[in-house]
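Asker: What follows is a structure written as structure tokens; I'll ask about it next.
Any read-out appearing in this document is the output of simple, stated calculations on the displayed coordinates, not a laboratory observation. Because the structure is a prediction, the values reported are computed rather than measured. Neighbour counts run over all protein chains shown; Cβ positions are idealised from the backbone, glycine included.
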Amino acid sequence: MSSPAEQFPTDPEDPGHDARSNAGGPDPSPNLNPKHSPEAGADAGAAAQAHRRRRSLQEQAQATLARKVAKVKRAHRKIAKATAKRARALAELQRWSSDPAIAKLLNPDYAAESARGPVRTDADASPRKVAAWEDQEIARRTITTEVACSLRLADRTAENLIGESSLFAGPMQATLTAMSSGEISYRHGQVLMEQLSFLPLEEAAEFEARLLPVAKDLTVGKLAVKARRMRERAHPETLTQRATAAVAERGVWWEGRADGMGTLTWYGTAVQTQAALDRLTSIVETTQALERHDASIPEMDRRTIGQICADAMADLVLDGVTPAGTGGGIRGSVMVTVPVFTLMGRTMEPGFLEGYGPIPADTAREIAAGCPSFIRILTHPETGAVLSVGKEHYTAPADMRRWVALRDGTCRFPGCTRPASRSDIDHTIAREHGGPTDFDNLAHLCRAHHRLKHQTLWAVVQEPGGVLRWTSPAGETHRTYPETTLGPPPTLAPTPKPPATPARPRTSDLPDDPPF
């Protein structure tokens, strides 16, 4: 009998597995070798049989491996075909919406009795106004947000996807055809697009024709390297000219990560970023030397190179001052929600960092202990209701703006993650339509989505509990929910004021409420 390790599991996808399972059975041919005794012949036959069985099992495993890999390959090709189909659909949507007649129909003013004039631009009731969006801009933003909400994507991701699809269905038809047949993946197509975007349109077709056959046999990484080298040789502009233009794209991006961490990406010139790395490396070497000679630091507690780099970067960015003096005395303000039992040390319930999410209980307690650049918010451990807010940043419980900011956490448009502290506060029912300035008629919207609400066919209704129900121009419904559970804020009795003589309004007397 074979060992359990030799028992090959049957594969329902293999119609011949039953027949092969008997391949290792007894050998019907007798032992005819006269030089061996019957006992020796029996041993040799058993060894040969065991060898044939192991060989058969190995062949079965290889055959099953081939079938399963082929199944994965077919699925991979289907993904490429599906992404190509999606690209064609998005390109068709973009072409349809760019028709001037269609764009006019997507403008809310089309069905209105009279066209709107300039609209106010922010939440501070500023007298400054901006021109209303043109039809084409309304159409572009309409399809971008419609796609973003339907596919559960960020607006920028949806916008990029639509732009890519238009290029695939336009000047990159050959690449789209290769994706449609499953010869290359969508990531291969993105690499080709990235390099083609740096070339003049008249040279892009030739470059695509040279790269596409190679792309079918290379990984995405290898293709990126080869395409970059080919593009450098084919580009009509010098590297100096292109580098000058690329500097305009510099920037910094932040992304939240798991376990209370985050990533800050700096996209700058090669000289600046390399110099920054060199400086951090010098700091690491000096710090490591100091820690090695510090007997009070056990060897197991000495920081790694990466840890020292991260700590030095934090010190330089958070506490450093630029040559022009910028940064001196400037500190970021961060809102951290802390469950009251966590603050007391009785539970390890995590805190909540505005714009990120849960942070460790120890970190929340450390922040709440007295760091002046943070707003400390205590919540009930069961209901989540707010018990108190740091007094150095909060004047009274009736401060409606602070209450709504705490409730919302972020912009309340579907999928938007911009913190409430950097968003406008909006009347869900516009003030000119009778909407009250009350907690159940206010919500935070970032500047882009604030204007989107008032200048497109998107509509929103505020339901009980601060839930916003959005209806898209296509009729789809999307709900967004408050980040923090809060009860209605208390209403303070009005404080009587002595009569004042009429005076000319000053800029500081402008109302703080949003104009919408």
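Asker: For labels at Glu476 and Arg55 in the simple 7 Å Cα→Cβ model, what's the distance in nm?
Answerer: 5.9
Asker: Let me ask you something else. For region 395-458 and region 272-308, compute the distance between their C-alpha centroids and round to whole Å.
Answerer: Answer, in whole Å: 46.
Asker: How much length is gained if the chain between Arg431 and Glu206 is pulled fully straight, taking 0.36 nm per residue apart and subtracting their Cα-Cα distance, in nm to one decimal? Mind showing how you got there, number by number?
Answerer: Details: separation 225, 0.36 × 225 = 81.00 nm, distance 5.77 nm.
Net length gain for the segment: 75.2 nm.
Asker: Still on this structure, I have one more. Kindly state, to the nearest 0.05, the FRET efficiency for Ser181 paired with Arg86, given R0 = 25 Å and r defined as their beta-carbon distance.
Answerer: On the way: r = 15 Å, r/R0 = 0.62.
Computed FRET efficiency for Ser181 and Arg86 comes out at 0.95.
Asker: What is the distance, in nm, between label points placed 7 Å from the Cα along the Cα-to-Cβ direction at Val252 and at Ser98?
Answerer: For the pair Val252/Ser98, the computed spacing is 3.6 nm.
Asker: Additional query: So, by mean Cβ neighbours within 10 angstrom, what's the order for 61-70, 457-466, 86-95, 444-453 with the highest one leading?
Answerer: Working: 61-70: 11.9, 457-466: 15.2, 86-95: 17.2, 444-453: 21.8.
Highest-to-lowest ranking by the protection proxy: 444-453, 86-95, 457-466, 61-70.
Asker: In addition: State the extension gain, in nm to one decimal, for the chain segment bounded by Ala63 and Glu39, taking 0.36 nm per residue of separation less the distance between their alpha-carbons.
Answerer: On the way: separation 24, 0.36 × 24 = 8.64 nm, distance 3.61 nm.
Difference between extended and current length: 5.0 nm.
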